[in-house]
Amino acid sequence: MPSFIGWVPTSTDDVEGFFELAPVSTSDVVYDLGSGDGRLLFAAIEKGAGKAIGIDLDAGLVKAANEAAKQKGIQDRISFLEGDVLESDLKKATLVFCYLYPTASEALKPKIEAELKPGTRVVMESFYFHGWKENKTIQRGGKSFFLYIMPPQQDDIF
Ligand SMILES: C[S@@+](CC[C@H](N)C(=O)[O-])C[C@H]1O[C@@H](n2cnc3c(N)ncnc32)[C@H](O)[C@@H]1O
C-alpha cells in the first residue's frame, strides 16, 4: 500500500482552482484521491455536487472527515473511506480531484483509463499526467491546475 505523499492540505484559496476548471452540478459524483480532511469534497457539496467520496490511507483523517460530515448533516451525500487509491473502485466518478506526487499519477494512469467513463473530468493540482495532453490549465496562487477529460488525449511529444 504505497503512500504517495503525506497530508499537505490545499489552501482555502487554492480549493477554488479545482472548481474554476470543473464546476459541479447535482448529477456529479466527485472523488478526491487522497482526501485529507475532506476540504475539497465539502466544498464540492456546498457548491451543489450530488455525491462525494473521499479515499485516504490515514485512518485518523478519514474518521475526522466522516465526523465533520455528520456535524454538517450531509453524511448521506458524502463519505470518506480508508484505503489505497490504487485499490479503490472509481467507476462511479463523474469528477475526480487529485493532489498527489507524480509517482501517483503514473501508477494511477492505467486504472483511470480503465475505470473512468467517457466525459469524466480529472483535475490535478500541481502535478500533471506525463504523456497526456491536458484539456485546460490554469495558474492560481503560484500553482498550476490541470484538467483532463476522459478518454485522455495522448501528447504527441512523448
Ligand atoms: C497532498 S494531501 C491532499 C489532501 C486533500 N486532497 C487536499 O487537497 O487538501 C494527500 C493525501 O493523500 C493521502 N495519500 C497518500 N497516498 C495515498 C494512497 N496511496 N491512497 C490513499 N491516500 C493516499 C495522504 O494521506 C494525504 O492525506
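With respect to the conditions (1) under 24 Å from G131 (Cβ atoms); (2) away from the ligand (no atom under 15 Å from the Cβ); (3) within 13 Å of the chain's Cα centre (by Cα), L108 falls short on a single one, namely (2). Of everything listed in (1) surrounded by fewer than 15 Cβ atoms within 10 Å (Cβ to Cβ); (2) within 12 Å of the chain's Cα centre (by Cα), the single unmet condition for K72 is (2). The residue list E46, E115, E82, E125 contains one member that is away from the ligand (no atom under 14 Å from the Cβ), of a type in the set (D, E) and closer than 21 Å to T10 by Cα, which is E46. Quick one: is P102 farther than 20 Å from G38 by Cα and away from the ligand (no atom under 14 Å from the Cβ)? Spelling it out, it is not the case that P102 is farther than 20 Å from G38 by Cα and away from the ligand (no atom under 14 Å from the Cβ).
Out of D156, D89, one residue alone is more than 22 Å from V8 (Cβ to Cβ), loosely packed, with under 15 Cβ neighbours inside 10 Å and within 16 Å of the ligand (Cβ to nearest atom). It is D89.
One line per residue, one yes/no per condition, for (1) loosely packed, with under 13 Cβ neighbours inside 10 Å; (2) within 15 Å of the ligand (Cβ to nearest atom); (3) free of Cβ contacts under 8 Å to residues at least 12 places away in the same chain; (4) not in a strand (DSSP E or B):
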residue: F4; (1), (2), (3), (4): no, yes, no, yes
residue: E16; (1), (2), (3), (4): no, yes, no, yes
residue: T26; (1), (2), (3), (4): yes, no, no, yes
residue: L41; (1), (2), (3), (4): no, yes, no, yes
residue: G54; (1), (2), (3), (4): no, yes, no, no
residue: A68; (1), (2), (3), (4): no, yes, no, yes
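Residues that are of a type in the set (A, V, I, L, M) and either in a helix (DSSP H, G or I) or more than 11 Å from F42 (Cα to Cα) (or both) within the stretch 70-85 comprise L81, V85, listed in sequence order.
Of all the criteria given as (1) surrounded by fewer than 20 Cβ atoms within 10 Å (Cβ to Cβ); (2) in contact (Cβ under 8 Å) with a residue 12 or more places away in the chain, the one not satisfied by G34 is (1). The single condition among (1) surrounded by fewer than 17 Cβ atoms within 10 Å (Cβ to Cβ); (2) in contact with a helix residue (DSSP H, G or I) (Cβ under 9 Å, 6 or more places away or on another chain); (3) of a type in the set (K, R); (4) modelled with pLDDT of 95 or more that R121 does not satisfy is (1).
The values are calculated or read from the model by the stated rules, or taken from the named source; none is laboratory data. Please read all numbers here as calculations on a predicted model, not as lab measurements. Quick reminder, even Gly has a Cβ in these numbers, built from the backbone with ideal geometry, and neighbours come from all protein chains shown.
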